[in-house]
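Undergrad: The structure's right below; bear with me while I get my questions together.
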Number of protein chains: 2
Amino acid sequence: MSFDDPCIMGHHGGVPKPLPLLDPPSYDGSCCTPLVAAPLTTERAEALAGRLKAIADPTRLRLLSILLSSEGLAACTCDLTGPVGLSQPTVTHHLQKLAAAGLVVAERRGTWTWYQVVPEALTGLASVISPT
Amino acid sequence: MSFDDPCIMGHHGGVPKPLPLLDPPSYDGSCCTPLVAAPLTTERAEALAGRLKAIADPTRLRLLSILLSSEGLAACTCDLTGPVGLSQPTVTHHLQKLAAAGLVVAERRGTWTWYQVVPEALTGLASVISPT
């Protein structure tokens, strides 16, 4: 998604929207022992399953991929409804699920909420799954 | 899990069980374009969500971690029921979900079915999620 896209600028009334300025989110990487290291405890398996469930959804994967393709890994809710073809409340619901799993962070800016990917969270999840 | 564990050998009537001899499974890696590469299409998002749902379950994650810790990345159903504390039909159900997602392969050997991780499938899933 390009920030120069006039269709996207239209959501903001024709004026260029501000570049994302979220502070880089912090992330606790203590979650991410690889599966291959040792058999999982029940507690760790439940925590990891919760994070995987957050992304095991087609809409949430599409939202993540759009955010990952956006400048600063961030976008406004107003720019996400069109590409996924869903209403603003539905998109917000999905983004809140991603936020609850620590995969994105939200920041209110005036009328809109911006969401930014936490890349360390995705890296951590990938490193847990990877067998090498 | 050690193959010298007498509790595990007990499942096989006290004789050492054979080492896993499954042929290395083949895996089609054409599935695995990273999320960060471009916004996902609906079709790709649905396929990826299906594979993630297969592992977004605490029991299936525990089974995968036990297989990954086992010699040859493989184990017999009879050796998996004890560690996860579930019945053989339930364990088989979960293993079949993993097999349907291409994450493990099954091979019948006499009375028991052996399951082996497809490491390329887990590597592919990790590489899709990874933002780098």
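Undergrad: Name the one entry in B:Leu95, B:Leu86 that is closer than 21 Å to A:Arg44 by Cα, modelled with pLDDT of 95 or more and more than 12 Å from chain A (Cβ to nearest Cβ).
TA: Values: B:Leu86 fails: more than 12 Å from chain A (Cβ to nearest Cβ).
One residue alone meets the criteria, B:Leu95.
Undergrad: Out of all the residues in segment A:61-91, which are of a type in the set (Ser, Thr, Tyr), free of Cβ contacts under 8 Å to residues at least 60 places away in the same chain and either surrounded by 18 or more Cβ atoms within 10 Å (Cβ to Cβ) or more than 23 Å from B:Lys53 (Cβ to Cβ) (or both)? Explain how you work it out, then say what you get.
TA: Taking segment A:61-91 first, the residues of a type in the set (Ser, Thr, Tyr) are A:65, A:69-70, A:77, A:81, A:87, A:90.
Add one more test, that the residue is free of Cβ contacts under 8 Å to residues at least 60 places away in the same chain, and what stays is A:65, A:77, A:81, A:87, A:90.
Residues satisfying the conditions are A:Ser65, A:Thr77, A:Thr81, A:Ser87.
Undergrad: Tally the residues that are in a helix (DSSP H, G or I), of a type in the set (A, V, I, L, M, F, W, C) and more than 9 Å from the chain's Cα centre (by Cα), restricting the search to segment B:67-101. Break it down stepwise before answering.
TA: First, the residues of segment B:67-101 that are in a helix (DSSP H, G or I): B:67-68, B:71-73, B:77-84, B:88-100.
Going one step further and asking which of them are of a type in the set (A, V, I, L, M, F, W, C), we end up with B:67-68, B:73, B:78, B:80, B:84, B:91, B:95, B:98-100.
Right, trim to more than 9 Å from the chain's Cα centre (by Cα) and you get B:78, B:80, B:84, B:91, B:100.
Counting residues in segment B:67-101 that are in a helix (DSSP H, G or I), of a type in the set (A, V, I, L, M, F, W, C) and more than 9 Å from the chain's Cα centre (by Cα) gives 5.
Undergrad: Does B:Ala126 meet the test of being under 15 Å from the mean Cα position of the chain (by Cα) and in a strand (DSSP E or B)?
TA: Working: under 15 Å from the mean Cα position of the chain (by Cα): yes; in a strand (DSSP E or B): no.
So B:Ala126 fails the test.
Undergrad: Further, regarding this structure: Mind checking whether some residue in segment B:26-33 is among the aromatic types (Phe, Trp, Tyr) and either free of Cβ contacts under 8 Å to residues at least 40 places away in the same chain or surrounded by 22 or more Cβ atoms within 10 Å (Cβ to Cβ) (or both)? Break it down stepwise before answering.
TA: Step one: of segment B:26-33, the residues among the aromatic types (Phe, Trp, Tyr) are B:27.
Filter once more, keeping what is either free of Cβ contacts under 8 Å to residues at least 40 places away in the same chain or surrounded by 22 or more Cβ atoms within 10 Å (Cβ to Cβ) (or both): none.
No, the conditions are met nowhere in segment B:26-33.
Undergrad: What residue, of B:Asp79, B:Asp57, is under 15 Å from A:Leu125 (Cα atoms) and among the acidic types (Asp, Glu)?
TA: Numbers: B:Asp79 fails: under 15 Å from A:Leu125 (Cα atoms).
On inspection, the qualifying residue turns out to be B:Asp57.
Undergrad: B:Leu122 versus (1) over 17 Å from B:Asp57 (Cα atoms); (2) out of contact with any Asp or Glu (no Cβ under 9 Å at 6 or more places or on another chain): which is the lone unmet condition?
TA: (1)
Undergrad: Would segment A:50-66 turn up any residue that is among the hydrophobic types (A, V, I, L, M, F, W, C), at pLDDT 90 or above and farther than 21 Å from B:Arg44 by Cα? Before the answer, list the steps.
TA: Initially, segment A:50-66 is screened for residues among the hydrophobic types (A, V, I, L, M, F, W, C), giving A:52, A:54-56, A:61, A:63-64, A:66.
Okay, now just the ones that are also at pLDDT 90 or above, so A:52, A:54-56, A:61, A:63-64, A:66.
Applying the additional criterion that residues be farther than 21 Å from B:Arg44 by Cα yields none.
So far as segment A:50-66 goes, no, none of its residues is among the hydrophobic types (A, V, I, L, M, F, W, C), at pLDDT 90 or above and farther than 21 Å from B:Arg44 by Cα.
Undergrad: Something else: Tell me which residues, restricted to segment B:60-76, are within 18 Å of B:Glu120 (Cα to Cα) and not aliphatic (A, V, I, L, M).
TA: Residues satisfying the conditions are B:Arg60, B:Ser65, B:Ser69, B:Ser70, B:Glu71, B:Gly72.
Undergrad: Taking interchain pairs and intrachain pairs at least six residues apart, which have beta carbon atoms under 7 angstrom, with the first residue in segment B:99-127 and buried (at least 23 other Cβ atoms within 10 Å of the Cβ) and the second among the aromatic types (Phe, Trp, Tyr) and part of a strand (DSSP E or B)?
TA: B:Val104/B:Tyr115
Undergrad: Which residue is farthest from A:Ala38 (Cα to Cα), if the candidates are limited to segment A:104-123 and must be touching a helix residue (DSSP H, G or I) at 6+ places or on another chain (Cβ under 6 Å) and at the interface with chain B (Cβ under 10 Å from one of its Cβ atoms)?
TA: This residue is A:Val117.
The values are calculated or read from the model by the stated rules, or taken from the named source; none is laboratory data. All values reported here derive from a predicted model rather than from experimental measurement. Heads up, the Cβs are rebuilt from the backbone with ideal geometry, glycines too, and the neighbour counts pull from every protein chain shown.
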